[in-house]
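*Asks:* Please find one structure pasted underneath; my questions will follow.
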Amino acid sequence: MKDDFYDFVAVELQNSLPDSRRIFYKEKTPEKEFYSISHAFVALTDGKKKLVNIVVLPLSLDLNPENKEQLLTLRDDLIFKDALLIVINEETAEMRLGNTGVFISEKLLIHCPNFIWINCSREKKSQMTFDGIHYEDLRSGFAKIWNTTVTYAGPMVGFQSVNLEIMRSTCWKCQREIKTVTGIVFPNRQLNSWNDVTWQYYHSLVSLNQIKGNTADLIAEFVATLRQHDKEITPVGYKYSNTIKSSYFAASCSYCDALFGNFYVMDERMDYLHSLGSRVDGSLTYHSITLNVDRYLIQCVFDSSEACDHTTDAGWGSK
Ligand SMILES: [Zn+2]
């Protein structure tokens with residue numbers, strides 16, 4: 001059965017585009033394949049000309065496991081081709097997710113310049129939001145993508161310089177002064193020196209216990225190099241925790257080898273997030289390290305938000 005949400009989106013889309021821009025490909029086959037691309041056209045987004053593909057998922061839709069798999073494949077194909085995928089799903093009320101919204105949020109959504117999720121509530125006057133705060137109608141939301149007032153800010157996959165964070169601390173066991181490695185942050189600009197207040201990092205720290213595989217090995221090597229000049233810096237590596245009965249990547253005391261569990265480190269770190277002064281006085285220091293960042297690490301950045309002067313929002317939003 002045809003759902004008029006497709007038509008609603010089509011009208012809003014057409015009205016959002018400048019006259020000169022024509023949708024050159026348009027195929028609506030919701031009856032057969034709901035996951036089909038409903039519109040495709042070229043637009044300048046985020047400073048680049050990209051093929052834009054729009055997938056519309058109305059409220060009446062009930063995703064089965066096969067549909068979900070198809071959507072994931074479609075997403076990966078389009079991102080691989082450096083196209084822009086815009087997924088618009090319909091909900092009954094803003095920010096209240098039904099089954100489709102939950103699937104998008106948990107599985108389909110990738111934080112990158114090639115994927116926009118628009119959660120739309122047709123009944124409301126202001127139907128959609130990019131940042132979860134400001135709501136607007138769908139056509140003006142679309143228009144902001146085409147005229148690039150809305151762009152993607154934040155970390156992306158690939159080789160890049162990120163910041164290893166080190167916190168001035170005292171060992172809980174031997175009480176000696178140490179410098180605890182806490183994790184990595186993704187800065188919003190590149191600087192030669194990090195002890196000032198002119199930069200922020202996106203959303204949240206990725207703590208050591210979240211870091212795995214090659215990234216963990218590279219960080220361990222980097223920390224070993226730093227320790228050649230400063231023995232107060234804690235070594236990092238895989239440690240066995242009796243509390244959680246398994247091994248994870250963590251810092252340990254430079255002197256007595258006591259393990260610094262994540263909860264302990266994060267609790268202490270909270271005190272330093274109240275003021276940017278902690279960067280200036282050396283309570284928190286940062287060192288550039290080049291990593292090959294994967295989707296998992298980016299998801300870690302978006303999974304929580306520290307919401308303080310140290311951080312800035314990432315994702316699609318107004319400049
Ligand atoms: Zn100690």
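*Asks:* Say each of residue 274 and residue 66 gets a label point 7 Å from the Cα, pointing the same way as Cα to Cβ; how far apart are those two points in nm?
*Replies:* Rounded to a tenth, the inter-label distance reads 5.9 nm.
*Asks:* Please list the non-local residues whose amide H lies under 5 Å from the amide H of residue 154, H modeled 1.01 Å from N, same-chain partners needing a gap of 5 or more.
*Replies:* Answer set, sorted by chain and number: 315.
*Asks:* Give a residue-ordered list of calculated ³J(HN,Hα) values for region 189-196 (Karplus: 6.51 cos²θ - 1.76 cosθ + 1.60, θ = phi - 60°; whole Hz; x for Gly, Pro).
*Replies:* Values, residue by residue: 7, 9, 10, 7, 10, 9, 8, 9 Hz.
*Asks:* I'd like to check one number: the per residue accessible area of region 40-84, probe 1.4 Å, reported in Å² as a whole number.
*Replies:* Normalised by residue count, the accessible surface of region 40-84 is 50 Å².
*Asks:* For residue 99 and residue 281, FRET efficiency with R0 = 45 Å and r from the beta-carbon atoms, rounded to 0.05?
*Replies:* Step by step, r from the Cβ atoms, then E = 0.35.
*Asks:* Kirkwood Rh over alpha-carbon pairs of region 232-307, then Stokes-Einstein at 10 °C and 1.306 mPa s: what D in µm² s⁻¹, rounded to an integer?
*Replies:* My calculation gives 107 µm²/s for D.
*Asks:* Next question. With a probe of 1.4 Å, find how much accessible area region 158-318 has per residue, and write the answer as a whole number in Å².
*Replies:* On a per-residue basis, region 158-318 sits at 49 Å².
*Asks:* How far, in nm, would the chain grow between residue 7 and residue 81 when pulled straight, counting 0.36 nm per residue and subtracting the alpha carbon separation?
*Replies:* In short, 23.9 nm is gained.
*Asks:* Ignoring ligands, DNA and RNA, what percent of the 1.4 Å accessible area of the chain is carbon and sulfur?
*Replies:* Result for the chain: 50 percent of the exposed heavy-atom area is carbon or sulfur.
*Asks:* Also: From the cross-link list 179/212; 81/124; 50/125; 107/179; 107/239; 124/212, which pairs have alpha carbons spaced over 32 Å apart?
*Replies:* Result: 81/124; 107/179; 124/212 exceed 32 Å.
*Asks:* Need one number for region 181-237: average projected area of the convex hull over its C-alpha atoms, nm².
*Replies:* Reported value for the Cα convex hull: 4.7 nm².
*Asks:* Using a Gaussian network model of the chain with C-alpha springs under 10 Å, which one of 123, 12, 90 is most mobile by mean-square fluctuation?
*Replies:* The residue with the greatest mean-square fluctuation here is 123.
*Asks:* Can you bin region 67-215 into rounded, prolate or oblate? Criterion: square roots of the alpha carbon gyration tensor eigenvalues sorted a ≥ b ≥ c, rounded for a/c under 1.5, prolate for a/b above b/c, oblate for the rest.
*Replies:* Since a/c reaches 1.5 and a/b is larger than b/c, the shape of region 67-215 is classed as prolate.
*Asks:* Something else now. Rounded, prolate or oblate: which fits the chain, taking a ≥ b ≥ c as square roots of the Cα gyration tensor eigenvalues, rounded meaning a/c under 1.5, else prolate when a/b beats b/c?
*Replies:* It comes out prolate by the Cα gyration axes.
*Asks:* Also: Quick check: pseudo-label points 7 Å beyond the Cα along Cα→Cβ at residue 266 and residue 51, how many nm apart are they?
*Replies:* Computed distance between label sites residue 266 and residue 51 equals 4.2 nm.
*Asks:* Sticking with this one: Any idea what diffusion coefficient region 209-261 gets from Stokes-Einstein, in µm²/s, Kirkwood Rh on alpha carbon pairs, 4 °C, 1.567 mPa s?
*Replies:* In µm²/s, the coefficient is 113.
*Asks:* Name the residue farthest towards the positive end of the dipole of the chain from the options 54, 113, 288, assuming +1 on Cβ of Lys and Arg, -1 on Cβ of Asp and Glu, about the Cα centre.
*Replies:* Farthest towards the positive pole: 288.
*Asks:* For region 87-162, rounded, prolate or oblate, judged on the Cα gyration tensor with a ≥ b ≥ c (square roots of eigenvalues), a/c < 1.5 rounded, else prolate if a/b > b/c?
*Replies:* oblate
*Asks:* Follow-up question, since we're still on this one. Work out the FRET efficiency for residue 123 and residue 14 from their Cβ-Cβ distance, taking R0 = 30 Å, and round it to the nearest 0.05.
*Replies:* Calculated transfer efficiency: 0.90.
*Asks:* Per residue of the chain, what 222 nm ellipticity follows from adding -39500 (n - 2.57) for every DSSP H run with n ≥ 4, rounded to the nearest 500?
*Replies:* Computed mean residue ellipticity for the chain: -7000 deg cm²/dmol.
*Asks:* If you don't mind, there's one more thing I want to ask. On a 0 to 90 degree scale, rounded to 10, what angle separates helix 65-80 from the longest Cα axis of the chain?
*Replies:* 80
*Asks:* Using only the alpha carbons of region 65-104, determine the length spanned along each of the three principal axes and report them from longest to shortest in whole angstroms.
*Replies:* 33, 22, 10
*Asks:* Quick one: give the max-minus-min coordinate of the C-alpha atoms of region 152-279 along each principal axis, largest first, in Å.
*Replies:* That gives 42, 32, 28 Å along the principal axes, largest extent first.
The values are calculated or read from the model by the stated rules, or taken from the named source; none is laboratory data. Just so it is clear, the structure is predicted and the values come from calculations on it, not from any experiment. Because the Cβ atoms are built from the backbone with ideal geometry, glycine has one as well, and the counts that use them run over all protein chains shown. Accessible surface is based on the protein model in full, side chains and every heavy atom, while ligands, DNA and RNA are left aside. Shrake-Rupley method; radii C 1.70, N 1.55, O 1.52, S 1.80 Å.
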